[in-house]
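As structure tokens, the structure follows; a few thoughts come after it.
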Amino acid sequence: MIDKLEAIKKRWTELGTLLTDAAVVTDQSRQRKLGKEYKELSDIVELYDKYRQVLSNIANNKHILETERDEEFREMAKGELDELLPKRDQLEDELKDLLIPKDPEDDRNAIIEIRAGTGGDEASIFAGNLFDMYKRYCENQEWTMRLISSSPGTAGGFKEIIAEVEGEGAYGKLKFESGVHRVQRVPKTETQGRTHTSAATVAVLPEAEEVDVQIRTEDIRRDTYRASGAGGQHVNKTESAVRLTHIPTGVVAECQQERSQMRNYEVAMTMLRTKIYEQEVQKRQSEISRQRKTMVSTGDRSAKIRTYNFPQSRVTDHRIGLTLHDIQNIMLGDIDELIESLRIAENAEKLKAGG
């Protein structure tokens, strides 16, 4: 581990020098790329420096115990050693965690799509509940969530809702939410008090940038239409909504939330790039899955990942067997424990598989 950390520190030092080079300063693309790498390595280097200092202090105190005859000095050294050894172990664990190869998509913004599944009106209402949960979680993370498109349910909630989440590490955390979410509760329309089971599907995609996917103008069919739903009187007066179809792949993206057709076009283009980019990501994930089966983030949207049982105030994540009895706060966006547990489980799988 030390050799790997020394190599990282050497690379970090090289990057610091490169970022002051005139050729890099004038090349914004290269500067951004190197700057991102420098920032990522800075966290490891900072922790490694603390670790080295602790190792040095441990060695000094051991030397005192071996050579010092003064009992008071020996007691002080022993006391410090008792504090330093657990600190060393903690720093080692943190460094191992940081050395696990990151998913290259983790730092990206995310596109989150929620669709009502089985269960009729109750499924649409639950899709709306999930959207509210993620909206509050994003607020807690100080991320920005922007609505792209929505189709309201007849009794509330949404048949489908799509939003962009902008913030550091958004995809890296939200990716664990992809899959089928199941709810068990008594619907408001239920007169006999029976518990019903409904479902909604969540898909989280890493947002693609223009440099990731090149789309030729001639490969796009552009349709405009009048937007529907909430958003002000303008939605029914002008054809501001935009639907884009990528002819070679058949991928479709649309946006109706913005007031101007141009802005809706820009958002729809981002969605289109993201969906095409996701196909490439899925190919890579499938290849990884063939080499290493992972329970945590396969990207399989048909997999039932979580059950929300309201009568028992219970939320169970089936991938890691975690059950929490705090459904009220979870639905208010307090999903940190679920996401962190899934992240730890995925890292454990990566370590077991050798990264």
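The values are calculated or read from the model by the stated rules, or taken from the named source; none is laboratory data. Quick caveat, the model's predicted, so the values are computed rather than measured. Cβ placement follows ideal geometry from the backbone for every residue including glycine, while neighbour counts extend to all protein chains displayed.
Below are the figures for this structure:
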| item | result |
| --- | --- |
| Cβ pairs under 8 Å, 6+ apart, first in the range 92-104 and surrounded by fewer than 12 Cβ atoms within 10 Å (Cβ to Cβ), second assigned to a loop (DSSP other than H, G, I, E, B) | 101/355 |
| Residue list for the range 56-92, filter: among the acidic types (Asp, Glu) and part of a helix (DSSP H, G or I) | 66, 71, 72, 75, 80, 82, 83, 89, 92 |
| Total residues in the range 287-308, condition touching a Ser or Thr at 6+ places or on another chain (Cβ under 9 Å), at pLDDT below 70 and surrounded by 13 or more Cβ atoms within 10 Å (Cβ to Cβ) | 7 |
| Residue 95 outside the structural domain of residue 348 (by TED's automatic domain parsing), of a type in the set (A, V, I, L, M, F, W, C), assigned to a helix (DSSP H, G or I) and within 18 Å of residue 1 (Cα to Cα) | yes |
| Flag for residue 142 being surrounded by fewer than 18 Cβ atoms within 10 Å (Cβ to Cβ) and under 24 Å from residue 227 (Cβ atoms) | no |
| Filter result (more than 24 Å from residue 101 (Cβ to Cβ) and modelled with pLDDT of 90 or more) within the range 27-60 | 53, 54, 55, 56, 57, 58, 59, 60 |
| Filter result for residue 200 (within 26 Å of residue 252 (Cα to Cα) and buried (at least 23 other Cβ atoms within 10 Å of the Cβ)) | yes |
| Lone qualifier among 159, 173, 188 - being basic (Lys, Arg) and under 23 Å from residue 337 (Cβ atoms) | 173 |
| Yes/no for residue 160 being of a type in the set (D, E, K, R) and touching a strand residue (DSSP E or B) at 6+ places or on another chain (Cβ under 6 Å) | yes |
| The range 36-63 residues that are in the same structural domain as residue 93 (by TED's automatic domain parsing), paired with ones that are among the aromatic types (Phe, Trp, Tyr) and part of a helix (DSSP H, G or I) (beta carbon under 6 Å, 6 or more apart) | 41/12; 45/12 |
| Residue count, the range 183-197 (criterion: of a type in the set (Lys, Arg) and modelled with pLDDT under 90) | 2 |
| Options 114, 148, 125; residue that is touching a residue at least 12 places away in the same chain (Cβ under 8 Å), over 28 Å from residue 328 (Cβ atoms) and in contact with a strand residue (DSSP E or B) (Cβ under 7 Å, 6 or more places away or on another chain) | 148 |
| Residues that are among the small types (Gly, Ala, Ser) and within 13 Å of residue 163 (Cα to Cα), drawn from the range 257-272 | 268 |
| Only one of 77, 22, 110, 7 that is closer than 30 Å to residue 275 by Cα and small (Gly, Ala, Ser) | 110 |
| Residue match in the range 122-134 (condition: within 24 Å of residue 267 (Cβ to Cβ) and either over 23 Å from the mean Cα position of the chain (by Cα) or at pLDDT below 95 (or both)) | yes |
| Filtered residues of the range 160-184 (kept if touching a helix residue (DSSP H, G or I) at 6+ places or on another chain (Cβ under 8 Å), outside any helix (DSSP H, G or I) and crowded, with 18+ Cβ neighbours inside 10 Å) | 161, 162, 163, 164, 165, 181, 183 |
| Residue count for the range 309-319, restricted to those that are surrounded by fewer than 18 Cβ atoms within 10 Å (Cβ to Cβ) and not polar (S, T, N, Q) | 4 |
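For every residue, the table says whether it meets (1) among the aliphatic types (A, V, I, L, M); (2) assigned by TED's automatic domain parsing to the domain that holds residue 319; (3) within 17 Å of residue 115 (Cβ to Cβ); (4) without any contact (Cβ under 8 Å) to a residue 24 or more places away in the chain.
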{"site": "154", "(1), (2), (3), (4)": "no, yes, yes, no"}
{"site": "157", "(1), (2), (3), (4)": "no, yes, yes, no"}
{"site": "161", "(1), (2), (3), (4)": "yes, yes, yes, no"}
{"site": "168", "(1), (2), (3), (4)": "no, yes, no, no"}
{"site": "174", "(1), (2), (3), (4)": "yes, yes, yes, no"}
{"site": "181", "(1), (2), (3), (4)": "no, yes, yes, no"}
{"site": "195", "(1), (2), (3), (4)": "no, yes, no, no"}
{"site": "206", "(1), (2), (3), (4)": "no, yes, no, no"}
